[in-house]
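To keep things clear, I will list the structure first and then write my remarks on it.
The values are calculated or read from the model by the stated rules, or taken from the named source; none is laboratory data. Quick caveat, the model's predicted, so the values are computed rather than measured. Counting neighbours? That spans all protein chains shown, and the Cβs are built from the backbone with ideal geometry, glycine included. The protein model used for the area step is the full one, side chains on, heavy atoms only, and it has no ligands, DNA or RNA in it. Shrake-Rupley method; radii C 1.70, N 1.55, O 1.52, S 1.80 Å.
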Amino acid sequence: MKWWGWGLENVEFTHEDKPGLAPFAAEVLGLDVRDVTAAPIGFENLRIPDPRLPDSLRVALEDAVTEAFISVDPLDRVVHARGKSLRDLVLQRRGEFARVPDVVVRPASEDEVVAVLRAVVSADAVVIPFGGGSSISGSLEAPATETRPIVSVDLVRLDKVLEIDSSSRLARVQAGVFGPHLEEQLGAQGYTFGHFPDSFTHSTLGGWIATRSSGMQSDRYGDIADLTRGLRVVTPSGTLVTRPVPSTSTGPSVREMVLGSEGRLGIITEATVHVRRIPECRVILGYLFPTFADGVVAMRDVAASECSVSVTRVSDALETQFSFAMRIRPTLVGKLQSKALSIFLQHRLGYDLHQMCLSFIGYEGSERHVAEQRRAVGRIVKRHGGLCIGSGPGVLYDQKKFDIPYIRDFLLDRGAVGDVSETAMQWSRLSVVYDAVTAAAYGAIAELGVQGYVMCHLSHSYHAGACLYFTFAFRPTPGGDTVAEYDIVKSAIQQAFVDNGATLSHHHAVGTEHSRWLAQDISAPGVAMLEALFEGADPGKHLNPGKIL
Ligand SMILES: Cc1cc2nc3c(=O)[nH]c(=O)nc-3n(C[C@H](O)[C@H](O)[C@H](O)COP(=O)(O)OP(=O)(O)OC[C@H]3O[C@@H](n4cnc5c(N)ncnc54)[C@H](O)[C@@H]3O)c2cc1C
């Protein structure tokens with residue numbers, strides 16, 4: 001993982017194979033994508049604070065995991081200093097550090113995790129569990145004022161699928177496994193977990209659980225909160241174990257308390273999770289709708305119907321234009337087809353191409369099941385003026401979805417800021433939230449007097465509502481404070497969420513970025529309960545302090 005950005009060192013996003021992107025960026029941002037104006041500071045120029053690691057703690061950690069798996073290497077410490085929020089990226093690129101972990105340790109078993117935590121508590125140090133480091137809400141950075149030694153516990157060596165109970169369709173899995181390695185191990189036995197967040201390649205099972213993650217196919221598989229049954233968590237008072245039973249009435253759910261705990265209750269070492277047989281057939285179809293409102297209502301009707309789909313996604317008009325701008329250089333046949341389609345949409349269906357919205361709906365199961373679902377969904381889509389455009393766009397989307405995260409670095413290299421905020425809301429008020437957030441974001445951008453845009457898609461559907469996922473970008477004032485300007489736009493969006501009854505985040509967790517809105521979301525007594533929970537589980541405040549509250 002790059003220490004200053006997303007993904008692998010040798011992979012980056014490019015506009016060169018996407019002829020539509022430069023004109024799009026010029027129109028909505030006034031940005032010339034050929035103009036690379038900013039670069040991260042060189043690693044050799046970073047001023048990394050020296051590690052504060054008392055000898056006694058070092059010896060105890062060495063006893064716990066052996067010397068080979070303790071690192072005070074500057075690059076290792078910098079990689080573990082933060083996650084990948086926009087603020088994290090900007091500060092890492094500038095080389096601005098407050099508290100960097102003093103040491104990174106890599107235990108290989110639950111017993112080693114127990115020994116590490118015991119060493120941390122008896123040295124009155126701080127522990128920050130580290131999965132893939134893909135947190136987008138500031139869940140990994142130590143408080144700037146923290147004076148105690150900081151130990152980053154990287155779970156990367158806990159990466160095995162331990163057992164599959166095929167009769168119950170449950171797998172016992174170690175928490176440090178990354179998405180691709182998990183799917184590889186399950187796939188070898190004919191199973192899938194079905195959890196595919198956009199950060200899949202660089203995030204882990206433990207991180208997903210600790211942030212209440214959601215994957216692209218949640219409509220079929222559920223969110224991580226639905227997929228996780230049993231848990232093993234190393235805490236200061238011993239190892240917490242919840243049984244992988246299908247349901248239970250043992251008072252308030254301890255399993256739910258661990259979900260979304262962001263390392264504040266302990267270190268998750270293992271989970272027993274739902275797995276399913278790899279489906280015989282998997283297809284994502286593209287659809288067009290006359291407007292975003294038509295697309296959203298169609299998704300609502302799909303959710304309310306007897307149809308069973310794996311993905312529901314609709315982009316608003318601007319995001320649709322962005323998606324088209326991201327197309328790889330089209331062939332002559334592709335161009336002719338697009339032209340023919342445009343004519344058909346405008347003249348036969350009466351679409352306004354500027355309002356038109358792109359949608360994806362995914363299907364999984366036996367060939368027969370998929371065929372039946374496609375027909376049933378097709379009838380709903382038609383009722384809302386939609387049109388199926390086949391599997392081509394869906395295949396492209398599926399292939400490219402893990403490349404999109406690189407785009408924030410591409411924009412920062414060109415002096416622009418791009419980020420996301422997402423929420424969930426009941427169907428009955430989804431359009432109110434959409435309108436309010438869009439207005440708030442444009443209001444903030446106007447207040448800054450800069451050029452920018454906001455776009456949105458509906459990304460996960462439920463019985464009662466859906467997730468709205470907003471992407472915003474702008475060009476900060478030349479010479480201005482980029483982070484402060486970012487805060488103005490991001491805060492306007494977050495405030496509009498809670499003011500309109502929506503949640504502060506559907507799947508990016510609270511961290512430090514969103515904690516300001518927690519009381520408005522879950523009420524003051526809710527916050528008091530969380531305070532009591534963290535205080536009771538960790539009276540010495542050794543576990544990832546400052547996150548969520
Ligand atoms: C470009 C991009 C795209 C993203 N797309 C999605 C998406 O589609 N869906 C989604 O849900 N999220 C998404 N995220 C957010 C992020 O990937 C998730 O929050 C993810 O679940 C974090 O997993 P991780 O393994 O990287 O955890 P980390 O970032 O390493 O840690 C996150 C938090 O979990 C804690 N933690 C990690 N492992 C453990 C453990 N074993 N025990 C206890 N605590 C632990 C950490 O202390 C920290 O508080 C995205 C982020 C980025 C940057």
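Filtered by the rule that a residue be in contact with a strand residue (DSSP E or B) (Cβ under 9 Å, 6 or more places away or on another chain), of a type in the set (A, V, I, L, M, F, W, C) and more than 30 Å from M326 (Cα to Cα), region 23-62 gives L53, L57, L61. When we screen Y406, Y363, Y351 for residues that are within 16 Å of the ligand (Cβ to nearest atom), open to solvent by less than 60 Å² (accessible area, probe 1.4 Å) and either closer than 23 Å to G465 by Cα or of a type in the set (F, W, Y) (or both), the only hit is Y406.
Listed here are the residues, each with its yes/no results for (1) open to solvent by 50 Å² or more (accessible area, probe 1.4 Å); (2) over 22 Å from R375 (Cα atoms); (3) modelled with pLDDT of 95 or more.
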residue: S305; (1), (2), (3): no, no, yes
residue: V309; (1), (2), (3): no, no, yes
residue: E319; (1), (2), (3): no, yes, yes
residue: L336; (1), (2), (3): yes, yes, no
residue: A340; (1), (2), (3): yes, yes, no
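So which pairs qualify, if the first residue must be in region 334-349 and free of Cβ contacts under 8 Å to residues at least 12 places away in the same chain, the second must be assigned to a helix (DSSP H, G or I) and loosely packed, with under 13 Cβ neighbours inside 10 Å, the Cβ gap must be under 9 Å, and the two must be at least 6 apart or on different chains? What qualifies is G334/G392.
Picking from residues in region 281-303 that are touching an Asp or Glu at 6+ places or on another chain (Cβ under 6 Å) and surrounded by fewer than 19 Cβ atoms within 10 Å (Cβ to Cβ), the one that is nearest to L341 (Cα to Cα) is R282. Hey, any hits in region 191-199 for a residue that's open to solvent by 30 Å² or more (accessible area, probe 1.4 Å) and away from the ligand (no atom under 13 Å from the Cβ)? So far as region 191-199 goes, no, none of its residues is open to solvent by 30 Å² or more (accessible area, probe 1.4 Å) and away from the ligand (no atom under 13 Å from the Cβ). Tallying residues that are away from the ligand (no atom under 13 Å from the Cβ), of a type in the set (G, A, S) and open to solvent by less than 10 Å² (accessible area, probe 1.4 Å) within region 120-163 yields 1. All conditions but one from (1) under 30 Å from A502 (Cα atoms); (2) open to solvent by less than 40 Å² (accessible area, probe 1.4 Å); (3) of a type in the set (G, A, S); (4) not in a strand (DSSP E or B) apply to A424; the one that does not is (4).
Okay, residues lined up against (1) of a type outside the set (G, A, S); (2) within 24 Å of F402 (Cα to Cα); (3) in a helix (DSSP H, G or I):
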{"position": "D301", "(1), (2), (3)": "yes, no, yes"}
{"position": "E306", "(1), (2), (3)": "yes, no, no"}
{"position": "V309", "(1), (2), (3)": "yes, yes, no"}
{"position": "T312", "(1), (2), (3)": "yes, yes, no"}
{"position": "L318", "(1), (2), (3)": "yes, yes, yes"}
{"position": "Q321", "(1), (2), (3)": "yes, yes, yes"}
{"position": "I328", "(1), (2), (3)": "yes, yes, no"}
{"position": "K335", "(1), (2), (3)": "yes, no, yes"}
{"position": "K339", "(1), (2), (3)": "yes, no, yes"}
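Within region 223-240, being part of a strand (DSSP E or B) and surrounded by 12 or more Cβ atoms within 10 Å (Cβ to Cβ) holds for T228, R229, G230, L231, R232, V233, V234, T235, T239, L240. Filtered by the rule that a residue be in a helix (DSSP H, G or I) and β-branched (V, I, T), region 341-367 gives a lone residue, I343.
Conditions (1) of a type in the set (A, V, I, L, M, F, W, C); (2) surrounded by fewer than 19 Cβ atoms within 10 Å (Cβ to Cβ), marked per residue:
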| site | (1), (2) |
| --- | --- |
| F470 | yes, no |
| G480 | no, yes |
| I493 | yes, no |
| V510 | yes, no |
| S523 | no, yes |
| G526 | no, yes |
| M529 | yes, yes |
| L533 | yes, yes |
| D538 | no, no |
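When residues in region 225-266 are screened for being closer than 22 Å to L543 by Cα, among the basic types (K, R) and more than 16 Å from the ligand (Cβ to nearest atom), 0 of them pass.
Pairs linking a residue in region 83-108 that is farther than 25 Å from A509 by Cα to a residue that is open to solvent by 10 Å² or more (accessible area, probe 1.4 Å) and aromatic (F, W, Y), with Cβ atoms under 9 Å and 6 or more positions apart or on different chains, are G95/W4; G95/F43; P107/F69; A108/F69. Sub-6 Å Cβ pairs linking a first residue in region 525-549 that is at positive phi and of a type outside the set (A, V, I, L, M, F, W, C) to a second residue that is modelled with pLDDT of 95 or more and not in a helix (DSSP H, G or I), at least 6 apart or interchain, are N544/I128; N544/G263; N544/R264; G546/P143, ordered by first then second residue. Within region 438-456, not a single residue is open to solvent by 20 Å² or more (accessible area, probe 1.4 Å), closer than 15 Å to F322 by Cα, in contact with a strand residue (DSSP E or B) (Cβ under 7 Å, 6 or more places away or on another chain) and within 16 Å of the ligand (Cβ to nearest atom). Among the residues of region 488-516, the ones that are within 19 Å of the chain's Cα centre (by Cα) and free of Cβ contacts under 8 Å to residues at least 60 places away in the same chain come to 2 in all.
Restricting attention to region 365-385 and to residues that are in contact (Cβ under 8 Å) with a residue 12 or more places away in the chain and out of contact with any Cys (no Cβ under 9 Å at 6 or more places or on another chain), the residue that is farthest from D301 (Cα to Cα) turns out to be G385.
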